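Read the figures in this text as sums done on the coordinates, not as results from a lab. Note that the structure is predicted; figures quoted are calculated from it, not measured. Counting neighbours? That spans all protein chains shown, and the Cβs are built from the backbone with ideal geometry, glycine included.
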């Protein structure tokens, strides 16, 4: 099995856990490269831009808008391709916002 890990924060523990279970890990935010994988892992990290759920900034840390867009695009491609997705912390928030 091969999993796309779509993140930029410290990914060492995610990679170690997946490899310990004989899962090949591809660390990428590129949609085409990610779609070559069997599943998607959206890891933890900072807050996403509240504009994605129709809100204004209200005390959150400054979001990484490039990461938001890249992860959104990869998630969208996996959902449309009916491929499995797992979100942890920020990743689960992204999935929740994506599905409304």
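In percent, how large is the relative contact order of the chain, given Cα pairs closer than 8 Å and 6 or more residues apart? Don't jump to the answer; show the numbers that get you there.
Working: 158 pairs, mean separation 31.6, N = 100.
Contact order relative to length: 32 percent.
Can you put 94, 86 in order of Cβ neighbours within 10 angstrom, beginning with the fewest?
86, 94
Calculate the FRET efficiency for residue 88 and residue 56 from the Cβ-Cβ distance with a Förster distance of 35 Å, rounded to the nearest 0.05.
So, using R0 = 35 Å, E works out to roughly 0.85.
Specify the angular offset, from 0 to 90 degrees and rounded to the nearest 10, of the alpha carbon long axis of helix 90-99 from the longest principal axis of the alpha carbons in the chain.
Result, in degrees: 70.
Using Cα atoms only, what is the angle between the long axis of helix 65-80 and the major principal axis of the chain, expressed in degrees (0 to 90) to the nearest 10?
It is inclined by approximately 60 degrees.
State the extension gain, in nm to one decimal, for the chain segment bounded by residue 31 and residue 13, taking 0.36 nm per residue of separation less the distance between their alpha-carbons.
That works out to 4.2 nm of additional length.
Treating the Cα atoms of the range 2-99 as identical point scatterers in vacuum, please give the log10 of the normalised Debye intensity I(q)/I(0) at q = 0.14, 0.23 Å⁻¹, two decimals.
With no solvent term, the Cα-only Debye profile gives -0.48, -1.21.
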